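Colleague: Following this message is one structure expressed as structure tokens.
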Amino acid sequence: MNSVNPAVGIDLGTTNTVVAVQTNTMGPELLSIPQPNLERKILDPSFHIKSAVFFENSEDAVVGAFASRRFDSFVSIKSKIGTRWRMQHPYNPKITLSPAYISALILKVAYNELVKKYPGWDRSAIITVPASFNTDQRNDTLMAANMAGFEKVRLLDEPTAAFYYYFDQNRDTMGENGHQSILVFDFGGGTLDVSIIKAGIQSNAILIDAIGRSRYNNLGGDDIDLDLASFVFAFWHKTNAQIFDCLDDNTKKKIYKFFIQKACLFKEEAEDYLSNNLELNEFVINETVETSNGNIQIKINKVFSRFQYEEITGRFFSNKEDINIFRPIGQALKVAEELSPGFCKDDIDLVLYTGGASRMNGVKATLSAFFRPKPCYSINDEEACNTVALGAACCRYDELNRQREVSMIVRLLEGILTRDDEGHHFVTIVPMTCQPSKDFKKLEYKFKTMRPLINMKIPLFRGTGPDDHHLSPMQDLELPLKNLVPANTNYNIFYRMTENKTIELKAIFELSEQRQLEVAGEVIMDFDGKSKANIPRLECEVNRQGV
């Protein structure tokens with residue numbers, strides 16, 4: 001029996017989920033996990049678990065490559081985690097599926113293989129998330145891990161994990177040039193994360209300090225696939241409109257998914273051709289799609305020039321577009337400037353890119369041109385999809401075995417603000433420099449109710465601080481009150497952040513000399529501009545002496 005307790009790192013990705021392990025005798029290395037591929041009953045080992053779930057019946061679900069090939073599977077569920085998205089179970093109307101539940105099924109495959117190969121494993125792991133994940137998204141990730149069987153999980157931002165792998169490979173020379181500022185560009189299937197990390201020697205230990213990050217992550221390789229698929233579909237539809245327009249909505253969705261799958265495969269092949277300075281191969285489809293309307297024959301034979309292909313797939317590489325890869329870079333630099341006054345693009349010493357979509361030639365060319373003459377290269381070209389999981393395993397191994405050699409600073413890196421009592425100015429509730437703490441911290445600013453309240457709403461905004469001219473609204477924080485709070489009642493706001501970068505707030509009202517009312521809630525940090533619901537966490541009365 002294997003009694004080894006491995007350090008486990010998991011990249012729960014939009015397209016692929018990757019598991020890495022490190023022990024005293026090996027690593028970091030990827031864990032091979034058997035999963036159905038071409039046939040349901042035959043398991044093929046793979047280093048990537050396709051993040052797809054197919055429900056066969058009310059009790060059984062298939063996870064992995066086989067599921068990803070079915071049009072009725074749940075895919076890209078990471079883009080919905082932390083939201084109110086719910087779906088009825090296809091075979092049991094009494095079961096409502098949530099993003100956390102579907103994510104748990106994916107993590108369960110990893111969990112089962114870890115237990116099988118390492119019976120001595122302590123069920124702990126680092127699971128990575130986008131740096132801009134909000135509180136709700138982080139809590140859903142933790143819930144999924146708990147449902148899958150994990151007992152102790154810490155979340156780590158994906159760009160930091162990717163950098164940690166680079167750091168681990170260059171550990172002996174990292175401090176030779178003093179402190180370095182590294183921009184990590186993590187472009188995956190469903191998210192784009194940018195972080196700025198300072199690394200160097202401090203007190204005989206390596207210090208890793210993330211000083212900037214983007215707050216925008218809803219762009220990924222899936223969006224590029226969709227652009228290419230839309231072009232090819234339009235090309236096919238031009239001569240098949242009469243057939244397609246007569247189909248029902250479910251059949252149309254199935255054909256859309258078919259084109260997206262084919263576009264993704266062609267993009268991967270095309271990028272390999274371009275990397276080797278070869279002419280692009282033909283885009284060929286000659287397949288029958290089975291639908292409820294009968295079989296649909298889809299035939300395409302399209303030749304793309306390099307210019308045409310790059311024009312279609314490169315829309316997000318231009319700063320003229322509203323959504324582009326420069327936007328999160330600018331956001332990360334802005335945050336870094338707030339924490340380190342005067343910091344700018346010229347202070348970046350090195351650019352590292354990682355993630356499956358970062359392997360595109362257009363991404364590499366765009367980053368090299370933007371940051372020239374600073375070096376810009378992949379953390380590992382051969383392992384672009386794996387560096388996040390490998391870095392998470394390295395980090396977990398250091399926590400277990402080399403705690404004193406590495407010091408990592410965790411900050412919120414984005415302020416949370418509200419309006420003052422008159423509504424004319426902004427007050428910072430949670431500073432962007434906030435670090436994990438078990439204790440609540442009290443704001444110096446004292447608030448006052450302007451009218452009697454039985455339910456309190458605190459408007460929240462996100463940004464670098466009160467002088468940020470681009471503050472973005474968040475979902476209001478709602479605090480239910482047990483008793484009527486009179487007008488002109490003073491109250492204080494307290495905050496704290498967990499090690500997983502979730503935020504909690506509480507308000508204490510001075511109702512009288514004898515008692516106070518304390519209410520608290522969890523902040524849903526909405527970094528993608530969509531409204532989230534607040535989850536009340538605590539409501540109690542305490543006496544003045546107990547505060």
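Colleague: For region 221-315, give the magnitude of the charge dipole about the Cα centre (Cβ charges: +1 Lys/Arg, -1 Asp/Glu; no others), in debye to the nearest 20.
Modeller: Working: 11 positive and 17 negative charges, 73 e Å.
Once rounded to the nearest 20, the dipole reads 360 debye.
Colleague: Which FRET efficiency value, to the nearest 0.05, is calculated for Q180 and A369 with the Förster distance at 35 angstrom and r the Cβ-Cβ distance?
Modeller: Efficiency computed from Cβ-Cβ geometry: 0.95.
Colleague: Could you order the peptides 102-115, 432-445, 464-477 from most to least packed, using the average number of other C-beta atoms within 10 Å per residue?
Modeller: Averaged packing, sorted descending, gives the order 102-115, 464-477, 432-445.
Colleague: For helix 387-401, what angle does its Cα long axis make with the longest principal axis of the chain, in degrees from 0 to 90 and rounded to 10?
Modeller: The helix 387-401 is inclined about 50 degrees to the chain.
Colleague: Ok, one more. Need the list of aspartates and glutamates near K374 for cross-linking: C-alpha distance under 17 angstrom, and skip anything on the same chain fewer than eight residues off.
Modeller: List returned: D346, D347, D349.
Colleague: At 0.36 nm per residue, minus the direct Cα-Cα distance, what do C344 and H424 gain on full extension? Give it in nm, one decimal, please.
Modeller: On the way: separation 80, 0.36 × 80 = 28.80 nm, distance 3.12 nm.
Extending this stretch completely gives an extra 25.7 nm.
Colleague: R0 = 56 Å: FRET efficiency of I454 with T288, Cβ-based, nearest 0.05?
Modeller: My answer for the efficiency is 0.35.
Colleague: Put a dot 7 Å past each Cα toward the Cβ at N218 and D245; how far apart are the dots in nm?
Modeller: With each label placed 7 Å out from Cα toward Cβ, I get 3.2 nm.
Colleague: Let me ask something additional. So what's region 305-409 giving for Cα Rg divided by 2.2 N^0.38 Å, two decimals?
Modeller: That ratio works out to 1.30.
Colleague: Using the structure shown, select from K78/K320; K267/K320; K78/K198; K116/K257; K41/K257; K441/K482 the pairs with a Cα to Cα distance greater than 26 angstrom.
Modeller: Beyond 26 Å: K78/K320; K78/K198; K116/K257.
Colleague: Using the alpha-carbon atoms, what tilt in degrees (0 to 90, nearest 10) does helix 99-117 show relative to the longest principal axis of the chain?
Modeller: So the helix axis and the longest Cα principal axis differ by about 80 degrees.
Colleague: Between S3 and E499, what is 0.36 nm times their sequence separation minus the Cα-Cα distance? Round to one decimal in nm.
Modeller: Once the chain is fully extended between S3 and E499, it gains 175.7 nm.
Colleague: Where a Cα-Cα gap under 21 Å defines reach, which lysines qualify for K442, not counting those fewer than 8 residues away within the same chain?
Modeller: Hits, sequence-local ones excluded: K457, K501, K506.
Colleague: Take the Cβ-Cβ distance between N170 and N277 as r, set R0 to 25 Å, and report the resulting FRET efficiency rounded to the nearest 0.05.
Modeller: 0.25
Colleague: Tilt of helix 249-275 relative to the longest C-alpha principal axis of the chain, in degrees (0 to 90, nearest 10)?
Modeller: 80 degrees
Colleague: I would also like to ask the following. Counting only the backbone N, which residues of region 86-101 are under 18 Å from the spot 7 Å out from the Cα of R40 toward its beta-carbon?
Modeller: Output list for this probe position: 90-92.
Colleague: Shifting gears a bit: Count the DSSP beta bridges whose two residues both fall in the chain, then state the antiparallel fraction as a percent rounded to the nearest 5.
Modeller: On the way: 87 of 108 bridges.
DSSP beta bridges in the chain are roughly 80 percent antiparallel.
Colleague: Then there's this: Cross-link candidates for K254: which aspartates and glutamates have Cα within less than 12 Å, leaving aside residues fewer than 8 places away along the same chain?
Modeller: D72, E290
Colleague: Another question about this same structure. In region 227-257, which residues have a backbone nitrogen under 19 Å from the label point lying 7 Å from E311's Cα in the Cα-to-Cβ direction?
Modeller: Hits in region 227-257 for E311 at 19 Å: 227-238.
Colleague: Taking the Cα centre of the chain as origin and charging only Cβ (+1 Lys, Arg; -1 Asp, Glu), how large is the dipole, in debye to the nearest 20?
Modeller: That gives the chain a dipole magnitude of about 1020 debye.
Any read-out appearing in this document is the output of simple, stated calculations on the displayed coordinates, not a laboratory observation. On a predicted model such as this, the values are computed, not experimentally measured, just so you know. So basically every Cβ, Gly included, is an ideal-geometry build from the backbone, and we count neighbours across all protein chains shown.
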